[in-house]
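Presented below is the structure to which this report refers.
The values are calculated or read from the model by the stated rules, or taken from the named source; none is laboratory data. Note that the structure is predicted; figures quoted are calculated from it, not measured. Reconstructed Cβ throughout: ideal geometry from the backbone, glycine too, with neighbour counts over all protein chains shown.
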Amino acid sequence: MEMFKVLYMKYYQKVYVTCLLILKNTTLAEEATQEAFLKAYTKIETLKNPEKFGAWVASIAAKQAINLYNRNKKVLIFDEQELKTQFLKTNNKLLYENEPCSKYLAKEKTQEIREAIYCLSPPLSQMIILKYYWELTDPEIAKRLKLPLGTVKSSLYRARKLLVEKLEGSILKGEANAEGRAGQFN
């Protein structure tokens, strides 16, 4: 029990953020996180590789989040701007360290990446989170979510394509705004 408490404390924030990215609802994200840790506690003996506990509990949480999303999708009501602002401020350092492509992008781009991930549908954001945030391989994602490998690969392809479109759009928008501001001084 004591060891599980240590694991809970170590991975809680990251698992919660995973659920928040998928559900975009703080109450449901908290519920999915709690359910995931409860399920992990009751099924801990099935974990084959203890070093992968974080990814294992994250995949359980992602599945719980999708289940909650599907059960509640007709009743999810939230102030999107307030939730987006809260998410973007949540544990900024932790999010930046685990952001997809953070090794290649300047720090100021991480906000745009988070916003783009936030805009994806829950199933697609789930794939991106498991792939890049939790660093699972495609076969690991397929196994943990009990999906065909082809479904995982096509979902990741679609999610990456949407992210690129969103990020390219924000870059072009940023350049247009910069040109507009520069024109004010001429």
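General remarks:
- Residue that is nearest to the chain's Cα centre (by Cα), among those in region 114-130 that are in a helix (DSSP H, G or I) and without any contact (Cβ under 8 Å) to a residue 40 or more places away in the chain: Ile128
- Checking each residue in region 13-67 for being out of contact with any Asp or Glu (no Cβ under 8 Å at 6 or more places or on another chain), farther than 17 Å from Lys131 by Cβ and of a type in the set (Lys, Arg) picks out Lys39, Lys43, Lys48.
- When the criteria are applied in full, Leu83 fails the requirement of being within 12 Å of the chain's Cα centre (by Cα), assigned to a helix (DSSP H, G or I), modelled with pLDDT under 65 and over 24 Å from Lys143 (Cβ atoms).
- Test: Ile128 is touching a Lys or Arg at 6+ places or on another chain (Cβ under 7 Å), at pLDDT 55 or above, of a type in the set (A, V, I, L, M, F, W, C) and surrounded by 14 or more Cβ atoms within 10 Å (Cβ to Cβ): no
- Scanning region 39-54 for any residue that is crowded, with 20+ Cβ neighbours inside 10 Å, modelled with pLDDT of 80 or more and in a helix (DSSP H, G or I) turns up at least one such residue.
- Scanning region 1-38 for residues that are part of a helix (DSSP H, G or I) and free of Cβ contacts under 8 Å to residues at least 12 places away in the same chain yields a total of 8.
- Residue count for region 131-153 under the criterion of being at pLDDT 85 or above, part of a helix (DSSP H, G or I) and within 26 Å of Val15 (Cβ to Cβ): the result is 14.
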